[in-house]
Amino acid sequence: MTSDENVCGRDARTTAAEDSGATEPRSAGVPPAVAGASRPRFGEVNIRDRGRLPHWEKEGATYFLTFRLADSLPKSILDRIESERHAIAQIANQLHRPQSVDERRKIQRLSTPIVEQFLDSGAGACHLRSPAVAEIVVDTLRHFDEDRYRLFAWCVMPHHVHVVVRLFPGHTLATVLHSWKSFTAKHANQFLRLHGAFWQREYYDHLIRNEEELERSIRYVADNPAKANLKDWKWVWVCGRDARTTAAEDGGAT
């Protein structure tokens, strides 16, 4: 990693949640190459549940995020995730008690093997292969950079997007993701002459805890196209590398 990237890393390290010593193997949908060993105590974060996966949020935190096209996972896989999640929740309900820490953690990571199986499989129409659509996503990510958040790395893959980002105080994970997804969905559907859901409703997030996790997340994003055998892939950027002027050049991959 270059010295410029280390400067970016130091900035995020001072704003991410301080280490509490709690452990968590990985977040749901987050590859082991990214997820670290530490997780905040439940009292240090807000846990928001939107129906499929809980999301761990903290003001001013840094995240590894993944959001995917609506057709990138078959409905049968989504139903399987929901069924497993419901079974865990039902046990607590039958015993008339809140879900335990272990149950919440299991829900948080239950879909990881399933999602990883399809992550780079090329499922669905892969609309993000289109340079014009990829450019819509990239321009949207950049639009509020250094205003609502600070970008450390991003990668637009054929059917999903990875982002490493620090949120500025006053801006939540939910609102930032909603802004990205709603704007890009509208304009991508207009370009493609499509209707209906463009992105999956759910997304996957990992709350970055320290500099090691930050550097590991950035490396994962930077290396993702090569690992997926996407040669000369233009839609990737890392803080400290002047890729902003080249990312939109000849979207290349088709």
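Candidates Asp102, Asp139: the one that is charged (D, E, K, R) and modelled with pLDDT of 85 or more is Asp139. Counting only strands (runs of 3 or more DSSP E) that sit wholly inside region 133-224, not one has at least 3 residues that are within 20 Å of Trp237 (Cα to Cα), open to solvent by less than 10 Å² (accessible area, probe 1.4 Å) and of a type in the set (Ser, Thr, Tyr).
The values are calculated or read from the model by the stated rules, or taken from the named source; none is laboratory data. Computed from a predicted model, the values in this text were never measured in an experiment. The accessibility values were calculated without ligands, DNA or RNA, using every heavy atom of the protein model including side chains. Shrake-Rupley method; radii C 1.70, N 1.55, O 1.52, S 1.80 Å.
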